[in-house]
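Here's the structure we're looking at; comments come further down.
The values are calculated or read from the model by the stated rules, or taken from the named source; none is laboratory data. The model shown is predicted, which means the values in this text are computed figures rather than measured ones. Here Cβ is always computed from backbone atoms with ideal geometry, including for glycine, and neighbour counts include all displayed protein chains.
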Amino acid sequence: MNHTNNLINHPLFLKEGKKVAFTSEVLNKVHSLMERYPADQQKSALLPVLHIAQEEFGGYLSVDVMDYVAALLGIQPIEVYEVATFYSMFYLEKTGTYVIEVCRTGPCAISGGEMIMEHLLEVLKIKPGETTPDGMFTLKEVECLGSCGTGPVMQVNTRYFEHLTPGKVDKILAEMREYANNDKPDDSTWVEKFC
Amino acid sequence: MGGKILLANIDVPGIRGYDVYRSNGGYTSVEKALREMTQAQVTAEVNKSGLRGRGGAGFPTGLKWSFLDRKSDKPRYLVCNADESEPGTFKDRYLMHHLPHRLIEGLIISSFALGVKTCYIYIRGEFKYLVGILEKAIKEAHLHGFLGERILGTDFSLNIYVHPGAGAYICGEETALLESLEGKRGNPRIKPPFPAFKGLYGCPTVVNNVETLAAVGPIISMGGEAYAMIGKGKSTGTKLISACGNIKNPGVYEIEMGLPVEDFIYSPEYCGGIANDKYLKAVIPGGSSVPILPADLILSTAKGEKRLMTYESLADGDFESGTMLGSGGFIVYDEDACIVRNTWNLTRFYRHESCGQCSPCREGTGWMEKVLYRIEHRQGKMSDIDLLVRVAKNIEGNTICPLGDAAAWPVASAIRHFRVEFEEHVLHPAAMLEKERHLKLKY
Amino acid sequence: MLKVTIDNISIEVEEGTTILNAARMIGGKVVPPAMCYYSKLKGSGGKCRTCLVKVSHSSAKDPRPMGKLVASCSTPVQDGMVVQNLTSPEVIETRKGIVEFLLLNHPLDCPVCDQAGECDLQDLSFGFGMEETATEEERREFPMIDIGEKIKLHMNRCILCYRCVYTADQLTEKRLHGVLYRGDVSEIGTFIQHAVTNDFSGNMIDVCPVGALTDKTFRFKSRVWFLNPMNAHRDCPACSGKVTAWMFGNEIYRITGRKDRYGELEEFICNECRFEKKDINDWVIEGPRHIRRQSVISANHYEEMKKQSLIDPIAGTMESLT
């Protein structure tokens with residue numbers, strides 16, 4: 001998916017020479033999402049639009065991106081910062097191509113979740129919260145993913161991997177590396193999710 | 001196994017799609033409600049059914065609906081709480097994944113009864129893959145005239161929208177959910193006013209759990225009285241229990257309320273007993289927030305009666321010797337489980353998920369986590385155990401929303417029932433660590 | 001009118017009045033402390049939990065007690081309600097617990113804090129705090145930042161009452177700061193280096209119940225109890241111009257708004273009055289400002305103390321104190 005060709009030239013978003021703007025295709029989707037909420041309550045669309053923005057603009061929310069979203073919804077930038085810092089699915093710093101989030105909460109912990117984390121630390125040679133030097137993987141610990149009967153669980157870019165073993169993790173990592181060299185392997189995007 | 005109600009036809013191939021769902025009796029309850037019944041009649045059936053909120057609190061659904069401010073001329077909203085984040089709970093996810101139309105059906109009937117024209121499904125952001133499934137189901141329902149303008153030729157119109165959250169357990173609390181839906185931080189609101197009067201956008205609003213709303217369709221089909229015949233006493237109908245932990249068959253089970261806990265744990269139909277044939281040590285029966293009970297007290301009450309899977313039986317003995325049915329997140333611990341480590345783990349969860357708005361929860365969850373961390377990591381003192389009890393007591397009941405209680409109960413109950421284990425950690429820290437290292441190898 | 005009884009003293013109030021405001025109408029010891037509620041800021045309250053009280057009778061219709069302690073600042077009075085504040089040992093115990101929570105991560109740096117002597121948290125700790133701290137954990141720390149040219153933010157001291165956020169929301173056109181992150185790492189901030197420059201932003205300093213937001217033009221100039229608070233006014237195009245000038249001799253050390261006996265501003269003042277007008281010739285000095293007897297400032301006998309009436313909540317009688 002190459003969106004760089006049809007960027008919207010809006011003077012508001014030409015900060016520091018960078019263009020932050022959705023493609024017209026995505027913008028249409030965003031507008032249709034905003035229509036789901038009363039006309040005087042456009043702030044309601046903030047969470048879904050931030051999900052889309054995070055996906056469209058490199059996997060994290062930069063200040064420029066947040067300011068852009070604020071302008072789109074007609075709210076103050078601080079209102080976006082407040083929200084983006086509150087929810088754990090929004091990343092404020094650049095992440096790797098794959099964000100690996102390992103569940104560490106109760107039921108997963110007693111079914112081997114801690115061991116999966118240890119294995120990942122060993123294989124990727126990074127600490128939780130860090131990104132591998134090649135920019136491929138970011139490792140994170142997260143709280144309950146709601147998949148307690150199928151633990152241990154990890155989520156890679158919002159895709160679930162369940163019943164993990166160290167062997168299975170190795171296989172998943174290898175597949176990810178291979179995918180990354182070709183095309184985007186992931187589940188469909190947030191934009192595609194909303195009909 | 002008794003007849004399935006919520007999960008009926010779940011094994012039919014393609015039941016997720018409209019056509020198969022419809023040909024297996026789907027949407028007939030919508031036709032019945034919209035064509036043959038009035039709003040009041042639908043509400044009356046829900047009242048008769050004795051349905052109680054399946055999200056955790058167990059509040060009678062009909063009663064909750066009756067609080068809705070019907071005098072206001074503002075629009076009314078129905079919000080479906082699909083922010084399932086309670087550790088140990090994964091029933092709503094299962095239901096929406098396999099039977100999205102069951103939920104849509106319930107939403108249509110409930111909206112009709114409440115006079116709602118716009119309904120939002122607030123789903124936790126981590127369940128992104130379900131957003132596509134739900135959106136597709138909604139689109140199909142539109143296509144076949146069950147959503148949109150003038151449904152089935154009646155005056156009733158309805159739109160349902162899916163709204164993803166973005167990673168915050170607190171948004172499962174209904175007013176935090178509404179704040180989040182309005183595009184704000186998930187800070188629970190100060191009540192009163194309650195959502196029934198001032199909910200979404202300050203309008204009268206009902207917030208119900210996925211499982212609760214999904215039960216409305218079957219209740220209309222079979223009639224409230226027939227539904228109330230199922231179950232035991234005030235715990236009517238069936239309940240989805242998501243079982244996990246050290247058991248042979250983790251998964252989601254639909255049980256008739258009143259099933260003995262012992263049967264649920266050991267019957268091959270359900271959990272199938274403890275994994276690797278170990279002994280049962282403890283159970284958290286209703287999601288991580290409810291008190292943990294040791295094996296003897298979960299199987300029978302302090303009075304010696306068989307403990308049943310009902311709201312009342314599980315709560316028998318209050319918090320001295322009882323617990324709660326909660327959301328039905330059934331977590332089983334075998335003989336090897338370390339209660340201290342587990343309590344620390346869950347407290348870390350609550351610390352991470354506290355919104356930070358009110359002082360007892362913001363400061364108290366962090367304090368308990370730090371103390372438990374020390375006890376678990378060889379640096380505990382005997383006085384720490386009583387300190388934990390005191391901090392938990394100071395949080396409980398003094399916060400804006402129930403998250404404070406949810407954080408305090410696991411700590412208080414773990415110390416109440418397993419105090420010796422905490423003391424052992426303080427007295428023999430090295431031995432405890434050695435034991436845990438050994439246990440890690442078993443996976 | 002609704003009848004409510006608080007600590008054995010009854011009063012009739014209008015419908016919609018909260019327990020706290022009913023207590024303030026009675027006055028004296030029955031008034032629960034409030035760290036986050038601010039009557040002039042819409043939406044404030046309910047967060048700090050220091051004003052929790054016991055409702056032993058919900059109403060005349062429903063005489064059952066309420067199951068939990070309730071936040072008096074956000075619970076409306078019902079007819080026939082009976083409330084216990086200081087007469088309930090449970091309330092006092094709980095309040096001690098809440099103070100302990102509020103102080104848990106507070107740096108206790110009163111000796112170097114400009115707010116000392118007029119700090120609500122200090123007063124609260126004096127009333128309900130424990131003598132020893134039970135925690136041995138490390139306190140959370142944030143860097144100190146300038147949140148505007150004239151305002152310093154010591155996040156370490158903040159108790160997250162949200163008052164300053166409501167102030168910015170309701171008094172200024174564009175709110176630039178807010179509450180960021182969540183749980184016990186949540187903080188007040190602007191996220192990016194933003195100077196809060198709105199004309200009324202200085203009021204954040206006055207509404208702050210602790211020393212988290214301080215006036216940079218006054219920092220470390222003097223302890224408040226060495227200064228004489230004087231009512232003063234000037235013709236101001238932006239605000240009422242009615243202020244308190246904190247003076248030492250003929251010198252004005254700082255300007256604040258005029259605070260009532262619950263520590264709330266009578267009127268919000270503009271930044272020009274607050275930060276720019278430090279010359280005695282800018283102001284018409286009206287005279288000494290009445291201060292609370294409990295205030296440390298009164299220890300210097302700055303103002304002659306009149307006989308004050310206090311209500312003894314336990315006995316339900318009026319008692320005269322000198």
Query - B:Cys355 surrounded by 20 or more Cβ atoms within 10 Å (Cβ to Cβ), touching a Gly at 6+ places or on another chain (Cβ under 8 Å), in a loop (DSSP other than H, G, I, E, B) and within 9 Å of chain C (Cβ to nearest Cβ) - result: yes
Query - Odd one out for B:Ile109 among (1) under 23 Å from B:Tyr311 (Cα atoms); (2) more than 14 Å from every other protein chain (Cβ to nearest Cβ) - result: (1)
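Residue-by-condition table, conditions (1) of a type in the set (A, V, I, L, M, F, W, C); (2) over 30 Å from C:Gly46 (Cα atoms); (3) touching a Ser or Thr at 6+ places or on another chain (Cβ under 7 Å):
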{"position": "B:Cys355", "(1), (2), (3)": "yes, no, no"}
{"position": "B:Thr365", "(1), (2), (3)": "no, no, yes"}
{"position": "B:Asp386", "(1), (2), (3)": "no, no, no"}
{"position": "B:Asn398", "(1), (2), (3)": "no, no, yes"}
{"position": "B:Val420", "(1), (2), (3)": "yes, yes, no"}
{"position": "B:Glu424", "(1), (2), (3)": "no, yes, no"}
**Report entry** Single unsatisfied condition, B:His142 versus (1) without any contact (Cβ under 8 Å) to a residue 12 or more places away in the chain; (2) in a loop (DSSP other than H, G, I, E, B); (3) facing another protein chain (nearest Cβ under 10 Å)
**Finding:** (2)
Report task. Examine region C:54-67 for a residue that is at pLDDT 95 or above, of a type in the set (A, V, I, L, M), buried (at least 18 other Cβ atoms within 10 Å of the Cβ) and under 24 Å from C:Gly263 (Cβ atoms), and state whether such a residue exists. Result -> no
Requested in this report: Report whether or not A:Val63 is among the hydrophobic types (A, V, I, L, M, F, W, C) and touching a residue at least 40 places away in the same chain (Cβ under 8 Å).
Outcome: no
Query raised in the report: Which residue pairs have Cβ atoms closer than 8 Å, lie 6 or more positions apart in sequence or on different chains, and pair a first residue in region A:83-94 that is free of Cβ contacts under 8 Å to residues at least 40 places away in the same chain and over 15 Å from A:Val69 (Cα atoms) with a second residue that is buried (at least 20 other Cβ atoms within 10 Å of the Cβ) and of a type in the set (Lys, Arg)?
Result: A:Phe86/B:Arg185; A:Phe86/C:Arg182
Query raised in the report: Taking A:Asp187, is it at pLDDT below 95, acidic (Asp, Glu) and closer than 27 Å to B:Leu95 by Cα?
Result: yes
Report task. Determine which single condition B:Tyr253 fails, assuming it passes every other condition in (1) assigned to a strand (DSSP E or B); (2) in contact (Cβ under 8 Å) with a residue 40 or more places away in the chain; (3) within 14 Å of chain A (Cβ to nearest Cβ). Result -> (2)
Requested in this report: Quick one: which residue in C:Asp146, C:Asp169, C:Asp120, C:Asp109 is surrounded by 20 or more Cβ atoms within 10 Å (Cβ to Cβ), not aliphatic (A, V, I, L, M) and not assigned by TED's automatic domain parsing to the domain that holds C:Pro32?
Outcome: C:Asp120
Report task. Check B:Asp336, B:Asp386 and return the single one that is surrounded by fewer than 24 Cβ atoms within 10 Å (Cβ to Cβ), free of Cβ contacts under 8 Å to residues at least 24 places away in the same chain and under 27 Å from B:Asp296 (Cα atoms). Result -> B:Asp386
Report task. Having 1 or more residues that are free of Cβ contacts under 8 Å to residues at least 12 places away in the same chain and more than 14 Å from chain A (Cβ to nearest Cβ) is the bar; report the helices (runs of 4 or more DSSP H) wholly within region B:1-98 that clear it. Result -> B:18-23, B:28-36, B:39-49
Report task. For residues that are away from chain B (no Cβ under 12 Å) and either under 17 Å from C:Met130 (Cβ atoms) or in a helix (DSSP H, G or I) (or both), tally how many sit in region C:77-98. Result -> 2
Query raised in the report: So how many residues does region B:145-194 have that are aliphatic (A, V, I, L, M), at the interface with another protein chain (Cβ under 10 Å from one of its Cβ atoms), assigned to a loop (DSSP other than H, G, I, E, B) and buried (at least 21 other Cβ atoms within 10 Å of the Cβ)?
Result: 2
**Report entry** Residues that are crowded, with 21+ Cβ neighbours inside 10 Å and touching a His at 6+ places or on another chain (Cβ under 7 Å), drawn from region B:126-136
**Finding:** B:Leu130
Query raised in the report: Of the conditions (1) away from chain C (no Cβ under 14 Å); (2) out of contact with any Phe, Trp or Tyr (no Cβ under 7 Å at 6 or more places or on another chain); (3) among the small types (Gly, Ala, Ser), B:Ala243 fails just one. Which one is it?
Result: (2)
**Report entry** Odd one out for C:Val179, checked against (1) of a type in the set (A, V, I, L, M); (2) surrounded by 22 or more Cβ atoms within 10 Å (Cβ to Cβ); (3) more than 14 Å from chain B (Cβ to nearest Cβ); (4) free of Cβ contacts under 8 Å to residues at least 24 places away in the same chain
**Finding:** (3)
Query raised in the report: Which is of a type in the set (Val, Ile, Thr) and closer than 26 Å to C:Ile192 by Cα, of A:Val156, A:Val123, A:Val99?
Result: A:Val99
Report summary line: Those residues of region C:120-144 which are out of contact with any helix residue (DSSP H, G or I) (no Cβ under 7 Å at 6 or more places or on another chain) and more than 11 Å from every other protein chain (Cβ to nearest Cβ) amount to C:Asp120, C:Asp123, C:Phe126, C:Gly127, C:Glu131, C:Glu132, C:Thr133, C:Pro143, C:Met144
Requested in this report: Report, by residue number, each residue of region A:134-169 that is within 9 Å of chain B (Cβ to nearest Cβ), of a type in the set (A, V, I, L, M, F, W, C) and under 20 Å from A:Phe90 (Cα atoms).
Outcome: A:Val142, A:Cys144, A:Leu145
Query raised in the report: Of everything in region C:242-273 that's among the charged types (D, E, K, R) and touching a Lys or Arg at 6+ places or on another chain (Cβ under 8 Å), which residue is nearest to C:Arg24 (Cα to Cα)?
Result: C:Arg261
Report task. Collect the residues in region A:114-133 that are away from every other protein chain (no Cβ under 14 Å), within 22 Å of A:Tyr179 (Cα to Cα) and touching a residue at least 12 places away in the same chain (Cβ under 8 Å), keeping them in residue-number order. Result -> A:Leu120, A:Leu121, A:Val123, A:Leu124, A:Ile126, A:Thr131, A:Thr132
Report summary line: For helices (runs of 4 or more DSSP H) lying entirely in region A:45-113, having 1 or more residues that are among the polar types (S, T, N, Q) and within 13 Å of chain B (Cβ to nearest Cβ) picks out A:46-56, A:77-86
Report summary line: Out of (1) among the hydroxyl-bearing types (Ser, Thr, Tyr); (2) away from chain B (no Cβ under 11 Å); (3) without any contact (Cβ under 8 Å) to a residue 24 or more places away in the chain, the one A:Ser188 does not meet is (2)
Requested in this report: Return the residue satisfying two criteria in turn: it lies in region C:1-31 and is touching a helix residue (DSSP H, G or I) at 6+ places or on another chain (Cβ under 6 Å) and assigned to a loop (DSSP other than H, G, I, E, B), and of such residues it is nearest to B:Ile190 (Cα to Cα).
Outcome: C:Val31
Report task. Considering each of B:Thr236, B:Thr212 in turn, give the residue that is in contact with a Gly (Cβ under 9 Å, 6 or more places away or on another chain), closer than 30 Å to A:Met34 by Cα and modelled with pLDDT of 95 or more. Result -> B:Thr212
